[in-house]
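See structure below.
The values are calculated or read from the model by the stated rules, or taken from the named source; none is laboratory data. All values derive from a computational prediction rather than experimental measurement. Glycine gets a Cβ as well: all are built from the backbone with ideal geometry, and neighbour counts include every protein chain shown. Accessible surface areas use protein heavy atoms only, side chains included; no ligands, DNA or RNA. Shrake-Rupley method; radii C 1.70, N 1.55, O 1.52, S 1.80 Å.
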Amino acid sequence: MDVPSLFDLDHAVAEEVLGARYRADQLFEGLFQKALPVSAITNLPLRLRAQLDTDYPLGLNELSVTLSDDMTTRKWLYEIDGGHRIETVLMEYPRRATVCISTQAGCAMACSFCATGQGGFGRQLTTAEIIEQVYRAKQAALPRRLSNIVLMGMGEPLANYRAVVAAIRIIVERFGISPRRITISTVGVVPGIERLAKEGLALTLAVSLHAANDHDRSEIIPLNRRYTIEQIVASCERWTAATSRLVSLEWAMIDSFNDTPDALDELSAIARRLRAHVNLIPLNPTPGYLVRGSTRERVLAFQRGLQANEVRCTVRSTRGQTIDAACGQLAMRTEQAVGQARRSSSLAIRRL
């Protein structure tokens, strides 16, 4: 990126640009506490606001925003530097809101049931691009409180480790959102889990498991050939030992694949070992994956089976499906990357 964005500014640089520490304080309060556009931070002189708009523009170019029929879920399509596109989803509740943010343009994990994975990898997002998604969501959610952040949008967060962790630290410090209300979802990048456990951040870690034996999981998640289920489970045990935080396991329900009695027993064994909560996700339709999601009856029967096996379990409420904003659907209808040759997962994983 040739021109730094507004969210590339740290406090020291802002002081230098604005000429005084208290001016930097005013800027940061306006951006992070009040979610104001620079033009509306009126305790900054007009000259400084104009300078910021010129020298430090926003990094996300909004192409479209789509609302669900019930007006509770909205999805932004942004263009970023280099012509890549990303999506952000805001889910609104009576008094609060949750934002699902992207960490990469596209994804190299190539999970077969995920629209983003089917589209291939574009590039890593910068720390500023990750933070700006939160800023814009907070702005749109007002007067509701932006209470939760989930890194479950486009991309594998732990494959963009440095930018993601830097963004989380800024989100905690400047937006005042507790790490416990921030969830990182990973398909199982073991070195990233190990490193994250040492960061001193009491985050929620969600592992997209979706199959509980290596044969089946390798069919739908190519990264499993690199990091096996046993390696992932062992890294989750070390995560819990280091952070005192239990993991959650995500399980997209696929008809006759992972909703069977054998799958129930295999998942139960892993969940009990980790004392994990299981989040059952009704499979959302994507054009490149022609199998069916489990019926509602089978999802509920699977939930009852887990509970009978003493596993804590909930069924995720599907929101945003009609606007392709539900789990696994991001990038389904954008012009980015469909038909683009996929790169190997290792190309997107920075050295950890």
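Annotations for the structure displayed:
- Degrees between helix 161-170 axis and first principal axis of the chain (Cα, 0 to 90, nearest 10): 60 degrees
- Atom-type composition of the exposed protein surface of the range 202-272 places 50 percent of the accessible area on carbon and sulfur (1.4 angstrom probe).
- GNM top mover of 24, 212, 308 - the chain, alpha-carbon springs below 10 Å: 308
- Percent of Cα pairs exceeding the 18 Å cut-off, where the set is the range 117-241: 55 percent
- A Gaussian network model of the chain, with springs between Cα atoms under 10 Å, assigns the largest mean-square fluctuation among 158, 46, 31 to 46.
- Applying 0.36 nm per residue to the separation of residue 55 and residue 265 and subtracting their alpha-carbon distance, the gain on full extension is 69.8 nm.
- The separation of the range 223-268 from the range 90-140, counted between C-alpha centres, amounts to 23 Å.
- You can think of it this way: the chain between residue 169 and residue 256 has 27.2 nm of extra reach, that is 0.36 nm per residue less the Cα-Cα gap.
- Semi-axis lengths (Å, descending) of the ellipsoid that matches the C-alpha gyration tensor of the range 1-54: 15, 13, 12
- The stretch between residue 22 and residue 147, if pulled fully straight at 0.36 nm per residue, gains 42.2 nm over its current Cα-Cα span.
- Heavy-atom accessible area per residue - the chain, 1.4 Å, Å²: 43 Å²
- With every protein chain in place, the range 13-107: carbon and sulfur % of accessible area (1.4 Å): 49 percent
- Kirkwood hydrodynamic radius of the range 1-107, from the reciprocal of the average inverse Cα-Cα distance over all distinct pairs: 15.7 Å.
- Percent accessible area from carbon and sulfur atoms, the range 134-200, protein chains only, probe 1.4 Å: 48 percent
- [x] 20.0, 58; [y] 22.8, 83; [z] 20.5, 67, with the label sought being that of the calculated Rg and Dmax of the Cα atoms in Å: [z]
- For a paramagnetic label modelled on residue 13 (point 7 Å from Cα along Cα→Cβ), amide N atoms under 19 Å away belong, within the range 167-211, to 167-175.
- With the convex hull drawn over the C-alpha atoms of the range 29-176, the volume per residue is 120 Å³.
- The dipole here belongs to the chain: it is taken about the Cα centre, uses +1 on the Cβ of Lys and Arg and -1 on the Cβ of Asp and Glu, and is about 700 debye.
- Backbone HN-Hα couplings from phi across the range 64-76 [Karplus 6.51/-1.76/1.60, Hz, Gly and Pro as x]: 6, 9, 10, 9, 5, 4, 8, 6, 9, 10, 10, 10, 9
- A Cβ-based charge dipole, computed about the Cα centre of the range 207-311 with Lys and Arg at +1 and Asp and Glu at -1, lands at about 340 debye.
- Of all DSSP beta bridges in the chain, antiparallel share, percent nearest 5: 50 percent
- Rounded to two decimals, the Cα-based Rg/Rh of the range 108-148, with Kirkwood Rh, is 1.16.
- On the basis of the beta-carbon distance and an R0 of 45 Å, residue 40 and residue 314 show a calculated FRET efficiency of 0.70.
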